[in-house]
Amino acid sequence: MPLNLQQNKVPLDRKVSRIDYRVFQHAHIQGIPEAIETKQPHQRLIWLVAIIATNIACGIHLYFLLSSFVNEPNETKMTYEPKAALLPPTIIVCQPATRFLDPESVSNISAEYYYALELGVGLIHMAQLDRLQYSLNISKVEEYHQQILSENNGSAAVAYHNFHHKHMRKCEDTFIHCYTELFDKADCCKIFKQVFTLYGMCYAARN
């Protein structure tokens with residue numbers, strides 16, 4: 001009965017050695033199986049040199065890693081510097097634009113003119129005005145719109161700002177009482193300042 005002895009065959013130049021080279025044939029370290037199985041002495045030498053050099057390089061790399069860890073261990077450092085105390089958020093007092101207008105000041109201003117202002121800054125659109133055609137003169141709104149643009153070099157935003165600045169309620173007419181957190185009465189107009197928004201003139205707390 002023939003036996004398959006191919007896997008146990010050892011090269012002639014290694015038979016005189018006491019080392020059982022078959023142990024290394026299935027090694028998982030790159031280069032060792034190649035160095036064992038090659039039949040050319042110079043190729044075996046090249047593989048052995050490569051294995052030795054690689055292991056030396058890995059050892060040197062590991063040494064520097066350990067040295068850096070010992071000398072400069074991994075840690076998180078936080079540096080900070082004191083800043084000024086955080087200010088509370090600004091308080092803004094706003095209402096729909098018409099509520100901050102002085103009724104006496106705008107008594108002679110038509111609804112068509114005011115809608116023309118809002119149309120110019122994009123707060124309303126013609127489709128919305130069409131729903132008000134029974135209470136508004138739509139053609140008059142368009143006429144005022146063109147008039148506003150021609151008088152303000154094409155900028156309806158300037159006209160909208162100037163209108164609210166001229167006809168808005170005064171600070172003392174807007175606020176009745178203001179108190180601090182300790183319930184001390186304070187002057188409201190010293191606490192709030194005017195700011196302009198698309199809602200008209202609003203009030204924001206001073207810093």
The stretch 139-191: GluC sites (Glu not before Pro) in DSSP loop, at most 15 other beta carbons within 10 Å: E181
Stretched fully, the stretch from I51 through C171 gains (0.36 nm per residue minus C-alpha distance, one decimal, in nm) 34.5 nm
Over 32 Å between C-alpha atoms is what I'm after, so list which of K83/K190; K140/K190; K83/K166 land there. K140/K190; K83/K166
List the extent of the Cα atoms of the stretch 67-201 along each of their three principal axes, largest first, rounded to whole Å. 86, 46, 29
Contour minus Cα-Cα span, K185 to Q146, at 0.36 nm per residue, comes to 9.2 nm
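All of the numbers you see were taken from the coordinates with simple rules; none came from a lab. These figures come from a predicted structure and were not determined experimentally. Ideal geometry is used to build each Cβ from the backbone, glycine not excepted, and the neighbour counts take in all protein chains shown.
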